[in-house]
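The values are calculated or read from the model by the stated rules, or taken from the named source; none is laboratory data. Worth saying up front: this structure is predicted, and the values here are computed from it rather than measured. Note that we place each Cβ from the backbone using ideal geometry, even for glycine, and neighbour counts take in every protein chain shown. For accessibility, only protein heavy atoms count, side chains too; no ligands or nucleic acids. Shrake-Rupley method; radii C 1.70, N 1.55, O 1.52, S 1.80 Å.
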Amino acid sequence: MEPLEEELVKILDFEKYGALTPIPQDDGVNPLAKINYSKDYEQGMAYFRALAAKQEYSIRAFNLTCFLIMHNPAHYTVWAYRFQTLKHIPELIPHELAWLDSVIEDFQKNYQVWHHRQKLLGITKDYLHELEFTKRMFDLDSKNYHVWSYRLWILQNFHDYTKELSLIDNLLEEDVYNNSAWNHRFFVLFESNANHERSLQQELEFLYVKLSQASDNQSAWNYLSGILKKAGPNQVAWIANQLEKLLPSSNRFLLEFLAEYDPTRSKAIYENLANEVDRDNQALWNWMIQQVPQT
């Protein structure tokens, strides 16, 4: 193997930790598609294999995983070894969280980094720090699937929903079309075991305001449809009547909801959509007509 890159010489520190025999990657005799790794990454992985083979969980192993992650943040095995090293040297965990916070902008859509945070939280139990962290992440991307999934996992495991509605209210104030926020709101209010001093009527009034502001918001209409399925037509009669008074009879989203809300009107509504309001999707509405039970 060629002479080590300078950064790897410092990380591996053979004088302090002892010598290592690198284990090169074995691609076989005639590899079909040999990957052209950078020289320093290839060297780092050769020594990583050597450390893993002897199950060395040391500072140099920890530093080497950092080096490799910065070159290839999707390498699950390196992340897993890093976590095992942290379990052997738990005093590094506070520094690990600070490091993760500092590099997260580069890794924010990387599955491995979120799984790593999840496993660390299983040790630290400091979920309040992580809730604040995800809140800051929404400032970068309020629709990041990974952040929402991680926050949902925290809530399901630590059962503290006290900050959720204020967070969602703020996000919807910034962007009423934020589908991720609407989905999270539905989970918190209708699918979790959270206790909220909020009546269904209050929620319907909130939703009415949002639909008044943006009647083309598919996310809000889906939210209303979800409430209909949970609560039944009698419980949403108020908002159905109010929206029918507020919006023009040609509003496609209103018509689609009314067809679901009142099945006795479904066929006539779908015919109106197919022939007048939404001819571009005529095939869809004709299919919906066929799904209406025959009376």
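Tabulated data
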| item | result |
| --- | --- |
| Subset of segment 241-275 (residues that are basic (K, R) and closer than 19 Å to V209 by Cβ) | K245 |
| Segment 10-38 - residue that is open to solvent by less than 50 Å² (accessible area, probe 1.4 Å) and aliphatic (A, V, I, L, M) and, of those, nearest to C66 (Cα to Cα) | I11 |
| Qualifying positions in segment 158-201 - of a type in the set (D, E, K, R) and free of Cβ contacts under 8 Å to residues at least 12 places away in the same chain | D169, E173, E191, E197 |
| Wholly enclosed helices (runs of 4 or more DSSP H) of segment 74-124 bearing at least 3 residues under 18 Å from the mean Cα position of the chain (by Cα) and farther than 19 Å from H146 by Cβ | none |
| Only one of N272, N195, N234 that is within 30 Å of K143 (Cα to Cα) and of a type outside the set (K, R) | N195 |
| Test: residue in segment 141-156 that is touching a His at 6+ places or on another chain (Cβ under 8 Å) and over 17 Å from L97 (Cβ atoms) | yes |
| Residues of segment 45-81 that turn out to be under 19 Å from K109 (Cα atoms), crowded, with 18+ Cβ neighbours inside 10 Å and aliphatic (A, V, I, L, M), as a count | 3 |
